[in-house]
Amino acid sequence: MDLPGLWNYWAVIVLMMIGLYIVIARDNLVKKMMGLTIFQVSAIMLYVSMGKVEGGTAPIIPEGAHDSEIVYSNPLPHVLMLTAIVVGIATTALGLAIVVRIYKAYGTVEEDEIGAVDRREA
Amino acid sequence: MPFPIEALLFLFLLATAVVIARLRDLFAAAMLTGMFSLLSAGLFTLMDAVDVAFTEAAVGAGIATVLMLGTLALTEKRENQQPTRTLPFVVVLLTGAALIYGTLDMPPYGSPGTGPEPAAGNAVIHHHVAPDYIKGTKEEFKLPNVVTAVLASYRGYDTLGETAVIFTAAIGVLLLLVPGRKRKSEDESAAPEDPR
Amino acid sequence: MFIAAMVGVLVTMLLALVAAVRGPTVYDRILAVNMFGTKTVLLIAVAGFLAGRPEFLDLALVYALVNFIGTIAVLKFARFGSLGRDDHRGLL
Amino acid sequence: MKTPMRMREKIVLRVVAQACIPFILLFALYVQFHGDFGPGGGFQAGVICAAGFILYGLIFGLDKLKKVVSFRTIEILVAAGLLLYGAVGLLTIGMGGNYLDYKVLDHHDPTHGLHYGILFVELGVGITVTAAMLAIFYAFAGRERA
Amino acid sequence: MESASWIFLVAGAGFCVIGGIGLLRMPDFYARTHAAGVTDTMGAGLVLLGLMLQAPTALIGVKLVIILGFLWLVGPTAGHALFKAAYADGVEVHEGPDIASQVAAAMADVEDEPSPEPEDGDAVPD
């Protein structure tokens, strides 16, 4: 253990901030969705890394070990994040579908150009 | 020993994320997103979250890449050049600093949940329901996979809700993207009538 | 010795990452990403043995499978710019 | 020169895909029903199953995939999985328990009841996820460029 | 048994690294496919073989065999498809003019060697 014990949170936060930067600083909507994916993965990583126990093993009880004392990592974050991933892809798909519709309506997926079209029509 | 491997994979992840942020070729960025998902799935495995890794690999690298490519096929493949802006950068730096300040009270990575008080080196997360779930899965369910037991039974309502969300999202995508289904089915039913 | 294999796989992943970032043509990138995927399969397999619980090899199989599907999708997109069509223009 | 090359291009990928896809679907079933014992479960199995069909669609074309699994089937299955999940809950109420209280499913041995409940609930999740992912793929791949 | 497994593991890791270096150093795309193919078949094969020799139960060994079989089936197929797609898309055979002239000088007879290969349907780069 040479690194400080909180290194995992810091790495996750840097990752999260890269995702956030893509979401707020880029105009391209598809790129924004990619940033959202990065953000989502890092949020999941935050929870999963909290559930890790030093010297623990995956929360799947080995055969014939029902009575022995094995340290397991915390299964609760795994369960919550498992569903979060699938819901995440579903919502990503919805977002991408909206992007496709926006492209059809405006002919562009760049946010500033969409704003320009809106202003012209208003 | 797994420790440096995880840190190294984190470095790979960060590098990939930075490259995704900088690339203007969206097609290459989509490929790198798939790679990013595979990497994070590997990291999940090293953190003992086998089921999460399973899902992330199948979803993130498989379906998400296909979806991104499907979107790119219907829209532009390149991102416009845009001026670098300072405000988002400042916002991100401030948010990151605040979050890092927030982690200072967190238990160190991998700390077990021993001891009664949430002191340093004692992760509260391992205290409340998790030990009960593991014990219950062993004694009541007699199933090896704790995650499945919690997912389907202890937190069955959650999972029902998540399934409903997936259902809703699928319906939403169909409503948004499948054009004129009503008209099309009328056309199909009208087609046999036309020759008559 | 699992460590040696692990280090080898990690170094290869790094090299593939560099190639994926650098790759002058689209196909170079696809090649590097594909190679990266197979290396993650090895990583998971070796990591299971390293952690002393090699039961989770299903994961590695999923990685291999997903990697193949991703490569085919990317390739189809790169060639034809569309995913659904098969209008006898030849497949990949 | 062009035409025979295309023919050959078709052959290698198609043969490999034909060899792989049955095993992918089998693997999805394994993940679905082995989820109690190893890593896996409805979510993962659903995605893998959908990935198998998507591979078919990528290699043989969306039209052929639609002949295998029609759009109408997908639409029905998306709802059917969720309804199966809900129906298990209603069944447990009907058998005298609480909503999603699987223990009452087997009067002799509550543990078996739990196993049945998990099995059916995971099956419902698997069906919904498979169908939802396929529906999304159909929606994206079936659309012509604007 | 154990030492044989170690030899396989180290050799596999070595092949992986060599392939990775090749991926970066090879002059053109088609040569790079060969480098990547080395890691997919030799590297992965040897590493998995080494793991197989240390498998604690038969089931794990069988799973490793399945993974190996799948990798060997799918890796060359993906490489083949990639090769074809790149060739059909007109990716240049030689990138650096320097290397091109060197190769041309060195093997004047085999100059057209890379181009007939993609037509050969079974020639999977490995």
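The values are calculated or read from the model by the stated rules, or taken from the named source; none is laboratory data. Only a predicted model underlies this, so the values are computations on that prediction, with no experimental measurement involved. Note that we place each Cβ from the backbone using ideal geometry, even for glycine, and neighbour counts take in every protein chain shown. The protein model used for the area step is the full one, side chains on, heavy atoms only, and it has no ligands, DNA or RNA in it. Shrake-Rupley method; radii C 1.70, N 1.55, O 1.52, S 1.80 Å.
A few notes on this one:
- Relative packing of D:130-137, D:104-111, C:52-59, which averages over residues the other C-beta atoms within 10 Å, highest first: D:130-137, C:52-59, D:104-111
- Taking every residue in D:24-33 and counting other chain Cβ atoms within 10 Å of its Cβ, the average works out to 2.
- Computed over the range C:1-46: relative contact order in percent, which uses C-alpha pairs under 8 Å that are six or more apart: 44 percent
- Taking amide hydrogens as placed 1.01 Å from N in the peptide plane, the amide H of residue B:80 sits under 5 Å from that of no residue at least 5 positions away in sequence or on another chain.
- Its alpha carbons considered, the range B:129-181 gives a radius of gyration followed by a Dmax of 17.1, 54 Å.
- Of the accessible area of the range C:2-80, computed with a 1.4 Å probe over protein heavy atoms only, carbon and sulfur atoms account for 70 percent.
- Percent of C-alpha pairs per 5 Å bin, chain C, short to long: 3, 14, 18, 18, 17, 12, 9, 5, 3, 1, 0
- Taking every alpha-carbon pair under 8 Å whose residues sit at least 6 apart, chain A reaches a relative contact order of 24 percent.
- Burial order of peptide ranges D:14-26, B:5-17 (average beta-carbon count within 10 Å, highest first): B:5-17, D:14-26
- The mean number of Cβ atoms from other chains found within 10 Å of a Cβ in peptide E:15-25 is 6, as a whole number.
- Residue B:77 contributes an accessible area of around 90 Å² to the protein surface, as traced by a 1.4 Å probe with all chains present.
- The protein assembly as shown: Rg to Rh, with Rh as the Kirkwood radius over Cα pairs: 0.97
- FRET efficiency, 1/(1 + (r/R0)^6) with R0 30 Å, evaluated for residue E:73 and residue D:72 via beta carbons: 0.30
- Axis of helix A:75-106 versus longest Cα principal axis of chain A: the two differ by about 10°, to the nearest ten degrees.
- In this structure, residue B:77 and residue D:144 have a Cβ-Cβ separation that, at R0 = 22 Å, corresponds to a calculated FRET efficiency of about 0.85.
- Axis of helix C:2-22 versus longest Cα principal axis of chain C: the two differ by about 30°, to the nearest ten degrees.
- Cα gyration tensor shape of the range B:1-77, rounded if a/c is under 1.5, else prolate or oblate by comparing a/b with b/c: oblate
- Sites residue B:94 and residue C:53, calculated FRET efficiency, Cβ-Cβ separation with R0 45 Å, nearest 0.05: 0.60
- Positive minus negative residues near residue A:12 (Lys, Arg vs Asp, Glu; Cβ under 15 Å): -1
- Remark: accessible area buried at the B-A interface is about 7800 Å², both chains counted, probe radius 1.4 Å.
- Using the rule -39500 (n - 2.57) for each DSSP H run of four or more residues, divided by the residues of the protein assembly as shown, the 222 nm mean residue ellipticity is -23500 deg cm²/dmol.
- Comparing the full protein assembly with the isolated chain (1.4 Å probe, heavy atoms, ligands and nucleic acids excluded), the residues of the range A:31-50 losing at least 10 square angstrom of accessible area are A:31, A:34, A:37, A:38, A:41, A:44, A:45, A:48, A:49, A:50.
- Size of chain D as Cα extents on the principal axes (Å, biggest first): 72, 34, 19
- Angle of helix C:57-80 to the longest C-alpha principal axis of chain C, folded into 0 to 90 degrees and rounded to 10: 20°.
- Each Cα pair under 8 Å and six or more residues apart adds its sequence gap; the mean of these over the residue count of the range B:1-77 is a relative contact order of 32 percent.
- Partner shielding of D:82-94 amounts to 2, given as the average count of beta-carbon atoms from other chains within 10 Å of each residue beta-carbon.
- Highest mean packing first, where packing is the average number of other Cβ atoms within 10 Å per residue, the peptides B:79-85, A:8-14, A:101-107, A:86-92 line up as A:86-92, A:8-14, A:101-107, B:79-85.
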